[in-house]
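First comes the structure, then the notes that go with it.
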Amino acid sequence: MKIEKTKILPLILTGIIIIFDQVTKAIIALKWPIIPPGHAVFITDVFNNNFLQIIHVRNKAIAFSLGSGIPDSVKPVLFVVLPLLVLGILVWYYLRSNDFTKIQRWAVAGILGGGIGNIIDRIFRSDGVVDFISVKFYGLFGFERWPTFNIADSSVVVCCLLLFVTIIFTPKKTEGAAR
């Protein structure tokens, strides 16, 4: 099976996100102490206005600490094996399908980069995924601050939203239509 250049090129973004995510997590892990849940917070207030803060926390669950109560024996399957399977299916579909537009291919590449970045942490960091970006959320949805996240998380969220919006608003190709 020959893979087109238009399908491979966006995967550069996957690599860039993985590298950027892992480098930033390594810096945080080396320079900032881990803040245990429920303890006082050691913060670097980036703009001195309390909007963006750098804080080192670890997450042994998934987004928003969902699944933190799941037994440790089940977590590797739910948080590593299952996501690897989903990402594998996504890569397979991405490479075999011609249904994606150019922007959708880049969005999928961003989702892959973020997903792989967090899986790397789940496999190689026994303390959990490194989260360090904290932003003020001004009480929206009951959050004074948004749950702490990382580069991989933001890549997955932004690219999923982009993919969703482009799927909803991209006209469907019809049989016999000019390409």
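The values are calculated or read from the model by the stated rules, or taken from the named source; none is laboratory data. Everything quoted here is computed from the prediction, not taken from an experiment. FYI the Cβ positions are ideal-geometry reconstructions off the backbone, even for glycines, and counts take in every protein chain you see.
Structure data summary
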| quantity | calculated |
| --- | --- |
| Lone qualifier among P71, P76 - being farther than 19 Å from I133 by Cβ and part of a helix (DSSP H, G or I) | P76 |
| Residues located in region 44-68, provided they are part of a loop (DSSP other than H, G, I, E, B), touching a residue at least 40 places away in the same chain (Cβ under 8 Å) and either of a type in the set (F, W, Y) or more than 24 Å from V157 (Cα to Cα) (or both) | F51 |
| Residue, surrounded by the fewest Cβ atoms within 10 Å (Cβ to Cβ), within region 103-143, restricted to residues that are more than 25 Å from V23 (Cβ to Cβ) and at pLDDT 95 or above | I103 |
| Test result for T24, outside any loop (DSSP other than H, G, I, E, B), surrounded by 14 or more Cβ atoms within 10 Å (Cβ to Cβ) and among the hydroxyl-bearing types (S, T, Y) | yes |
| Flag for A61 being more than 16 Å from the chain's Cα centre (by Cα), under 21 Å from I119 (Cβ atoms) and not hydroxyl-bearing (S, T, Y) | no |
